[in-house]
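Worksheet: one structure, shown below.
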Amino acid sequence: MEQSDTALTALREPFDAAFDVALSQLKELSDPLERARAAHALVGEVQDYGNEFQAVRNEAMNETLRVGRLNSTQLASELGISKGRVSQLAKGAPPERLFLGSGKIVVALAEKLEDGKLQDGRDKRVQGPVIATEDVQTYEHLRELAEEVGLEASFERIPLGGNVRLNRNNLVVICGPRLSPLIEQILEGDPHLRFDKDQDGWHLVDRTTGQVYRSPMGRGDNGDIAYFGRLPRPDGQGTFLYIAGIHARGSGGVIHWLNKELANVHRELKAKRFSTLIASRFDSQNLEITESERITPFYRPEGA
């Protein structure tokens with residue numbers, strides 16, 4: 001119990017300090033309308049944080065019971081609630097949902113300019129940037145997976161130049177490093193896996209084994225390889241999930257694989273940092289992913 005109290009104190013002190021500062025600044029706003037608007041916005045944010053804390057609590061209760069550390073009566077005594085309430089909370093949403101997030105998930109998709117040729121040979125360029133059709137399909141499959149485990153998901157565009165706001169919770173980024181220098185810099189910090197480019201095009205490299213992974217699409221085959229990881233936020237205050245295929249189609253392979261492995265991945269990794277590679281194949285007619293598999297270990301950065 002003493003260790004638990006120490007951990008709670010370490011978590012509560014910075015939270016209480018930030019809350020006190022925000023409340024003091026809120027009260028000092030002289031314009032009542034501005035004060036009302038700010039307070040209303042903060043109430044919504046506090047509710048969102050409360051929902052996230054509840055999700056973490058319920059998952060931890062579920063795991064405590066599942067591994068047999070305590071029975072429901074003992075856990076009820078530890079938390080100061082009834083045995084019935086323990087059953088109600090622990091049997092809610094599946095614990096693996098926390099691998100994806102504990103609140104509303106935001107999926108950031110990169111914009112790009114679409115090039116090509118018209119039938120008369122002239123260059124084709126659409127009016128304004130677009131999101132690749134493959135990325136939209138990947139998002140839709142991810143949204144369906146999130147809904148299956150009781151989470152909401154929405155998407156936002158990463159504008160040309162790749163400037164995405166990474167310092168927030170419940171974020172999934174689907175964006176190749178060639179479209180975002182910011183993402184490229186963060187990926188350089190992975191000591192195990194990296195994107196690279198040579199005269200034969202973009203590929204992935206396992207720095208640990210020296211293995212080079214090239215996309216089957218480069219030789220006309222219906223397959224691709226994708227990087228999948230949980231990467232550090234620039235502010236050092238958390239992580240975000242990151243998905244990027246060598247080609248856009250490969251990102252869908254990650255979601256196809258997660259649909260089969262989410263519970264296992266959550267049990268092994270929780271919210272810890274990792275990176276791995278996922279290979280997949282797709283149907284040449286409807287372009288839907290038909291097969292997927294993990295082809296490298298779950299690499300973990302030192303100390304993470």
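The values are calculated or read from the model by the stated rules, or taken from the named source; none is laboratory data. Remember, predicted model here, so these are calculated numbers, not experimental data. Backbone-built Cβ (ideal geometry, glycine too); neighbour counts: all protein chains shown. Quick note on the areas: whole protein, heavy atoms, side chains included, nothing else; ligands and nucleic acids left out. Shrake-Rupley method; radii C 1.70, N 1.55, O 1.52, S 1.80 Å.
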TODO: Would you mind checking the pairs K83/K272; K104/K260; K104/K272; K112/K270 and listing those with alpha carbons more than 28 angstrom apart?
DONE: K83/K272; K112/K270
Task: Relative contact order (%) - segment 133-289, alpha-carbon pairs under 8 angstrom, separation at least six - done: 23 percent
- [ ] In debye, nearest 20, what is the charge dipole magnitude of the chain about its Cα centre with +1 on Lys and Arg Cβ and -1 on Asp and Glu Cβ, if you could check?
- [x] 300 debye
- [ ] Can you find, among V265, L179, S24, the residue farthest towards the positive end of the dipole of the chain? Put +1 on the C-beta of Lys and Arg, -1 on that of Asp and Glu.
- [x] V265
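Given a 1.4 Å probe and heavy atoms of the protein chains only, how would you sort S30, S87, largest accessible area at the top? Write down the numbers at each step before the final one.
Numbers: S30 110, S87 45 Å².
Reading off the accessible areas and sorting them downward yields S30, S87.
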Open item on the list: Taking the solvent-accessible surface of protein heavy atoms with a 1.4 Å probe, what is the per residue accessible area of the chain in Å²?
Closed with: 57 Å²
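Relative contact order of the chain, please, whole-number percent, based on alpha carbon pairs below 8 angstrom and at least 6 residues apart. Write out the running numbers ahead of the final one.
Numbers: 474 pairs, mean separation 40.2, N = 304.
Here the relative contact order equals 13 percent.
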Task: E148/L269 FRET efficiency (R0 30 Å; Cβ-Cβ; nearest 0.05) - done: 0.95
Task: Solvent-accessible area, 1.4 Å probe, carbon plus sulfur percent, for the chain - done: 49 percent
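Note the full-extension length gain between I295 and Q54 as 0.36 nm times their separation in residues minus their Cα-Cα distance, in nm to one decimal. Spell out each step's value before the answer.
Details: separation 241, 0.36 × 241 = 86.76 nm, distance 3.49 nm.
Stretched out fully, the I295 to Q54 stretch lengthens by 83.3 nm.
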TODO: Name the shape class, rounded, prolate or oblate, that the alpha-carbon gyration tensor gives for segment 159-206, where a ≥ b ≥ c are the square roots of its eigenvalues, rounded holds for a/c under 1.5, and otherwise prolate holds if a/b is larger than b/c and oblate otherwise.
DONE: oblate
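Report the FRET efficiency, 1/(1 + (r/R0)^6), for N167 and L11, where r is their Cβ-Cβ distance and R0 is 25 Å, rounded to 0.05. Intermediate values should be presented prior to the final figure.
Working: r = 19 Å, r/R0 = 0.77.
It comes to 0.85.
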Task: Extended-chain gain in nm, criterion 0.36 nm per residue less alpha-carbon gap, E114 and Q47 - done: 20.1 nm
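Indicate the gyration tensor shape class of the chain (rounded, prolate or oblate), computed on the Cα atoms with a ≥ b ≥ c the square roots of the eigenvalues: a/c under 1.5 is rounded; otherwise a/b larger than b/c is prolate and the rest oblate.
It is prolate, given that a/c is not under 1.5 and a/b is the larger ratio.
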TODO: Starting from the Cα gyration tensor of segment 129-269, take the square roots of the eigenvalues, sort them a ≥ b ≥ c, and report rounded, prolate or oblate (rounded when a/c is under 1.5, otherwise prolate if a/b is larger than b/c, else oblate).
DONE: rounded
- [ ] Net charge near S280: determine it from the other residues with C-beta under 10 Å of the C-beta of S280, scoring Lys and Arg +1 and Asp and Glu -1.
- [x] -1
